[in-house]
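Trainee: Below is one structure. I have some questions about it.
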Amino acid sequence: MDYLNKYKIDEMLENYLAKETGECTRLQEAMRYSVLQGGKRIRPILMRLAYEAVGGTGNIAPYMCAIEFVHTYSLIHDDLPAMDNDALRRGLPTNHVKFDEATAILAGDGLLTLAFEIMLQDLVSDMDPAKAIAANILATGAGASGMVLGQMYDMFYEGKEISIEMLEKIQLNKTGALIKSALKMGAVLGYGSESELFALELYGTYLGKVFQIIDDILDITGQVNELGKDIGSDSKNKKVTYTSFFSVDQCYEIAAELTAKAIKCLDKVNGDTSLLKEIAQDLLNRRR
């Protein structure tokens, strides 16, 4: 995964999370803790690759960091006792375990609002309509008609029998919405054509499905030391997953078919999509 080093995402993130001084630094410490403890950084990287694939060449660091801040806030809140009640994330204690529940809630709130602060600061300095559209895409993908809706569905249907169609609806929102938003934002910021925008958005939809299917598999087959989080969380919370409907082998077959479809979408993109194809294969084969 050389693309992780190529784009130096962690350095960008740290620039926006400078240590604060004052009487209470606990909030900043909690925000930095969850953002800078590692992660795949897939969403900002997908955004940058989509941007470059449609011809973008400028600096979109505020938007790349914004989507990672939103993703991290969602993880902090997802781990809370009122939601999944997880004790490990990326091999370390979750935010509410490391600090406390109130601090974790506020750290998530801080990251969510910081995401829009840095995008709006950039927009004020350069009134590019594409930047306003990109910020709106993130707001929509992360909000009550996207990721948050998926989280609500996920909690509401815990312990209940649901159809595969409902499961896909949950996962397309909870997991897929931000992945699709990352690609769409990159294409918009790079002024891609309508056909490129459609192709990258569809690629993101397939990728989001694959990401969740592999997550479901790893929740029952993975190792804590590889995943960096507790195994069997879905079972503990009585959640229906892909492995509730299909065997592990069948899940891998479905994921492989979706990966092939995702890669095929990239034929409609004019620029270099080699790393987008590589990421699709990496997500299919990941073990954490």
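Trainee: How large is the convex hull of the Cα atoms of segment 77-228 per residue, expressed in Å³ as a whole number? Write down the numbers at each step before the final one.
Mentor: On the way: hull volume 20.3 nm³, N = 152.
So the per-residue hull volume is 133 Å³.
Trainee: Continuing with the same structure: For a bin width of 5 Å, list the pair-distance distribution of segment 4-117 built from all Cα-Cα distances, rounded to whole %.
Mentor: 2, 12, 23, 23, 18, 12, 6, 3, 1, 0
Trainee: How big is Rg to Rh over segment 75-116, alpha-carbon atoms, Rh as the Kirkwood inverse-mean-distance radius? Could you put the intermediate results ahead of the total?
Mentor: Working: Rg = 9.9 Å, Rh = 10.2 Å.
Ratio of gyration radius to Kirkwood radius: 0.97.
Trainee: First compute the accessible area of segment 1-160 with a 1.4 Å probe, then give the percent of it belonging to carbon and sulfur atoms.
Mentor: Solvent-exposed carbon and sulfur of segment 1-160 make up 56 percent of the total.
Trainee: Could I ask something else about it? Which FRET efficiency value, to the nearest 0.05, is calculated for Thr57 and Leu36 with the Förster distance at 25 angstrom and r the Cβ-Cβ distance?
Mentor: Details: r = 28 Å, r/R0 = 1.12.
It comes out at approximately 0.35.
Trainee: Hey, with R₀ at 41 Å, roughly what FRET efficiency would Asp272 and Ser145 work out to, going by the Cβ-Cβ distance, to 0.05?
Mentor: On the way: r = 33 Å, r/R0 = 0.80.
The pair Asp272/Ser145 has a calculated efficiency of 0.80.
Trainee: Could I ask something else about it? Mind checking the alpha-carbon convex hull of segment 108-149 and giving the volume per residue in Å³?
Mentor: Values: hull volume 2.1 nm³, N = 42.
Cα-based convex hull of segment 108-149, divided per residue, equals 51 Å³.
Trainee: Order these peptides, 243-249, 205-211, 131-137, by their mean beta-carbon neighbour count within 10 angstrom, highest first.
Mentor: Ranking, from highest mean packing down: 205-211, 131-137, 243-249.
Trainee: I would also like to ask the following. So, in nm, how far is label Met83 from label Ser247 when the simple model puts each one 7 Å beyond its Cα toward the Cβ?
Mentor: Label at Met83, label at Ser247, 3.5 nm between them.
Trainee: What FRET efficiency do you get for Lys264 and Asp128 if R0 is 30 Å and r is their Cβ-Cβ distance, rounded to the nearest 0.05? Don't skip to the end; give the middle numbers.
Mentor: Numbers: r = 32 Å, r/R0 = 1.05.
According to the calculation, E is roughly 0.45.
Trainee: Continuing with this model, one more query. What does the charge count near Ala115 come to, summing +1 for each Lys or Arg and -1 for each Asp or Glu among other residues with Cβ under 12 Å from its Cβ?
Mentor: On the way: positive: Arg43; negative: Glu68, Asp109, Glu117, Asp122.
Computed value for this residue: -3.
Trainee: Here is a further query. On each of the three principal axes of the Cα atoms of the chain, give max minus min coordinate, whole Å, ordered largest first.
Mentor: 54, 48, 33
Trainee: Still on this structure, please answer the following. Distance check, please: which entries in Lys131/Lys264; Lys98/Lys180; Lys184/Lys268; Lys180/Lys264 exceed 26 angstrom between their Cα atoms? Please report the intermediate quantities before stating the final value.
Mentor: Values: Lys131/Lys264 28 Å; Lys98/Lys180 31 Å; Lys184/Lys268 14 Å; Lys180/Lys264 16 Å.
Checking Cα-Cα distances, Lys131/Lys264; Lys98/Lys180 exceed 26 Å.
Trainee: With a probe of 1.4 Å, find how much accessible area the chain has per residue, and write the answer as a whole number in Å².
Mentor: Numbers: 13070 Å² over 288 residues.
Computed with neighbouring chains in place, this is 45 Å² per residue.
The values are calculated or read from the model by the stated rules, or taken from the named source; none is laboratory data. Values in this document were obtained by computation on a predicted structure and should not be read as measured data. Don't worry about glycine lacking a Cβ; one is built from the backbone with ideal geometry, like all the others, and counts go over all protein chains shown. These accessible areas exclude ligands, DNA and RNA; they are computed on the full protein's heavy atoms, side chains included. Shrake-Rupley method; radii C 1.70, N 1.55, O 1.52, S 1.80 Å.
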